[in-house]
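The structure under discussion appears below in the form of structure tokens.
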Amino acid sequence: MHCPFCRHPDSRVVDSRTSDDGSSIRRRRQCPHCNRRFTTVETTSLAVVKRSGASEPFRREKIVNGVRKACQGRPVSEDDLALLAQKVEETLRSSGSAEIDAYEIGLAILGPLRELDEVAYLRFASVYQAFDSLEDFEAAITVLRAEREGRPDRDTASTPTPTPVSGGAVPPARAVAQGAG
């Protein structure tokens, strides 16, 4: 790491601390040449591979913005959206892959969004999974109703959230009908 003051090519770490959410490390460094101190922040990189093949850095804000549209007019707070985005990022990072396909990000959003708000989930799924007909909506609603009836108390039940972050893509309309979304 070059010193930002004198451009010396070396520095010494004098203190390291993890950030509040554990996603980065803050390091205080000292230049052996000019003895000035500076701070660096280290984060692991996670790249998103888009449909076009282009790659860009993962940004949590893009998840919040995309889900915010589906939650418009729903009783969902900004804190709820931030927590959802954090869950999605944790799921993606836990896959161990440095590159994530954009489609897989959408799949990782569906589970936590379904738990947060079913109407917002249907809105997001209808666009993300390209619902073509009323039958696609009916199939998704049937799955939601079956899950709700299977839970003793919807607010306290803990059901595993599917996190398909690897490999095979599920055909769009069937993903919800099969409960994979």
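The values are calculated or read from the model by the stated rules, or taken from the named source; none is laboratory data. Please read these numbers as outputs of a predicted model, since none were measured by experiment. Please note: Cβ atoms are built from the backbone with ideal geometry, for glycine as well, and neighbour counts cover all protein chains shown. Heads up: the accessible areas ignore ligands, DNA and RNA and are worked out on the full protein's heavy atoms, side chains in. Shrake-Rupley method; radii C 1.70, N 1.55, O 1.52, S 1.80 Å.
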Q | Translational D in µm²/s for the stretch 10-52 (Stokes-Einstein at 10 °C, 1.306 mPa s, Kirkwood Rh from C-alpha pairs) | A | 130
Q) Using 1/(1 + (r/R0)^6) with R0 = 45 angstrom and r between the beta carbons of H8 and T142, what's the FRET efficiency to the nearest 0.05? A) 0.10
Q.
I need the per residue convex hull volume for the stretch 47-150, using only the alpha carbons, in cubic angstrom as a whole number.
A. 108
Q.
Amide H of A47 versus every other amide H placed in the peptide plane: which residues, excluding those fewer than 5 positions away on the same chain, fall under 5 Å?
A. F58, E99, I100
Q) Treating the beta-carbon of each Lys and Arg as +1 and of each Asp and Glu as -1, no other charges, what is the dipole magnitude of the stretch 47-150 about its Cα centre, to the nearest 20 debye? A) 300
Q: Compute, for E118, the solvent-accessible surface of its heavy atoms (probe 1.4 Å) with the complete set of protein chains present, and express it in square angstrom to the nearest 10.
A: 30
Q) Expressed in nm to one decimal, what extension gain is obtained for the pair T18 and K50 from 0.36 nm per residue of sequence separation less their Cα-Cα distance? A) 8.5 nm
